[in-house]
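Visitor: For reference, the structure I am asking about is given below.
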Amino acid sequence: MHAAPGTEVTVVWGRPGMAPRPIRAVVTALPFMTDRRRGDVATV
């Protein structure tokens with residue numbers, strides 16, 4: 001199941017044997033930055 005960008009979610013974070021902690025987060029799209037490495041070098 002995937003959440004749409006902008007959706008608030010709660011992630012349970014912790015290690016085995018330790019108390020889990022809820023972490024609030026907002027879903028965002030990837031990549032964070034435009035990938036210019038795959039551009040056509042002839043247009044530069």
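Values quoted throughout were computed directly from the atomic coordinates according to the rules given, and no laboratory measurement underlies them. What you see is a predicted model; the values in this text were computed from it and never measured. In this analysis, Cβ positions are derived from the backbone assuming ideal geometry, glycine residues included, and neighbour counts consider all displayed protein chains.
Visitor: Quick check: pseudo-label points 7 Å beyond the Cα along Cα→Cβ at Thr28 and Ala4, how many nm apart are they?
Guide: For Thr28 paired with Ala4, the spin-label model returns 2.0 nm.
Visitor: Bin width 5 Å, origin at 0, all Cα-Cα pairs of the chain: what percent of pairs per bin?
Guide: 5, 16, 14, 14, 12, 12, 9, 7, 5, 3, 2, 0
Visitor: Neighbouring Cβ atoms within 10 Å as the yardstick, rank Met1, Met18 fewest first.
Guide: Exposure proxy ranking, most exposed first: Met1, Met18.
Visitor: Counting Lys and Arg as +1 and Asp and Glu as -1, each charge on the Cβ, what is the dipole of the chain about the Cα centre in debye, to the nearest 20?
Guide: 200
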